[in-house]
Amino acid sequence: MTLYADLSPATEGSVKAHLSREGDRLIEDSHQQGHSTHRQWRVCPSLGSPSPTPSVTTPLETEGTSHPLRAILLPGGTVSITPCTIPRREAFDLEAAWHLSAHQRQRMIRHYSESGAWTALTLIDEKKLG
């Protein structure tokens, strides 16, 4: 569900996501209402541990994007995802996710405009299938 700062009607949708591991990379694919996202995460070389295995508080960064994201893995399955840098006059998102149980997670994404104004808040309930 997405709520908008200008009080436009809330929108709802569904997301299908798949996470996999390829060597020292984490691959994330998601599909939502005709929009697909593909991200490759790697241990952040400037901040992470030398081990290729991510651990708690190991920062990860996306590869192959013009505006890389950084994910900080926290205890209990909580994660914070932010842009590595926020370019002037460009919209951006901030995300937090946490586990409710072994098979359920919630994500909260705050969307900001190019002026830095909050524009929307998205709450996603995720359930592990299989």
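Every read-out reported here was derived from the displayed coordinates using simple, explicitly stated rules and does not represent laboratory data. These figures come from a predicted structure and were not determined experimentally. Note that we place each Cβ from the backbone using ideal geometry, even for glycine, and neighbour counts take in every protein chain shown.
What to note about this one:
- D6-E28 pseudo-label distance in nm [points 7 Å out on the Cα-to-Cβ vector]: 2.8 nm
- The L74 and S101 beta-carbon pair, evaluated with R₀ = 25 Å, returns a calculated FRET efficiency of approximately 0.90.
- Gain on full extension, evaluated as 0.36 nm per residue between S36 and T58 minus their Cα-Cα distance, stands at 5.3 nm.
- The chain shape via C-alpha gyration tensor axes, a/c threshold 1.5: oblate
- Global geometry of segment 88-130, whether rounded, prolate or oblate, following the gyration tensor of its Cα atoms and the 1.5 cut on a/c: prolate
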